[in-house]
Amino acid sequence: MALFGSIGKVFMAPRLKKRKFDPEKMSAEDIDLPRVFKTIEKDELRPLIKEEIDLFKSLDYKNKPDDKLKELEYHSWQVGVLLKFIKEDMVYVYDAIENILPTKAMHITKRNLHIKVFDLVYRYNESVDKEFIKEELLKDIKWSAEDVAYLLRYITLENRVIPKK
């Protein structure tokens, strides 16, 4: 009889707590891009980033109101290129980035910038199909200029280490 009583206990697995998403603990290794980004070589990234910065500058997002910055205008290919740059642990040195980016992206602490960027990484990882090809990513418009502003600010930081609390 004791044998059957202990079997019931074996099948009662402990309840696991649901892990809470914590962008502060994420790093570039957590970026999970669609396969198509594996075809982009590291030396091809800088000109692509320059194109994104030039586009951002030409659209004059620095002088747009906050509600305009939240409109979904960027596609998953553009954001993926920026994330690939971060994943490769590259820095884009750009003098006077403050003349291009909105104030909210410039006057943010490193910790809060890291949180914003890795919250975006989490959303990208969760919402973008890893099997999408470039053409599908170009049609997948779900990112705002505000998202891109934070990414651009992050890629221009030379020291991305966030200080301990």
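The numbers here are math on the coordinates, done by the rules we state, and not lab data. Bear in mind the structure is a predicted one, so any value in this text is a computation, not a measurement. Every residue, glycine among them, receives a Cβ derived from its backbone with ideal geometry; neighbour counts consider all protein chains shown.
Points worth noting:
- Within segment 69-134, trypsin sites (Lys or Arg not before Pro) in DSSP loop having at most 14 other beta-carbon neighbours inside 10 Å: Lys70, Lys130
- In this structure, Thr39 and Asn159 have a Cβ-Cβ separation that, at R0 = 35 Å, corresponds to a calculated FRET efficiency of about 0.70.
- Cut-off 13 Å (backbone N to label point 7 Å along Cα→Cβ of Asp32), residues of segment 93-127: 121-127
- Multiplying the residue separation of Lys130 and Leu48 by 0.36 nm and subtracting their alpha-carbon distance yields 27.5 nm.
- Arranged from fewest to most other beta-carbon atoms within 10 Å of their beta carbon, Val117, Val81, Val161 become Val161, Val81, Val117.
- For segment 26-31, putting each phi into the Karplus relation 6.51 cos²θ - 1.76 cosθ + 1.60 with θ = phi - 60° gives couplings of 7, 9, 4, 5, 7, 6 Hz, in residue order, rounded to whole numbers and with x for Gly and Pro.
- Vicinal HN-Hα couplings computed from phi for segment 121-133 (Karplus, 6.51 cos²θ - 1.76 cosθ + 1.60; Hz; Gly/Pro x): 4, 4, 4, 5, 4, 7, 10, 9, 5, 6, 9, 4, 9
- Cross-link check: pairs Lys116/Lys142; Lys38/Lys110; Lys68/Lys130; Lys68/Lys104; Lys25/Lys104 evaluated at a Cα-Cα cut-off of 19 Å; pairs beyond the cut-off: Lys38/Lys110; Lys68/Lys130; Lys25/Lys104.
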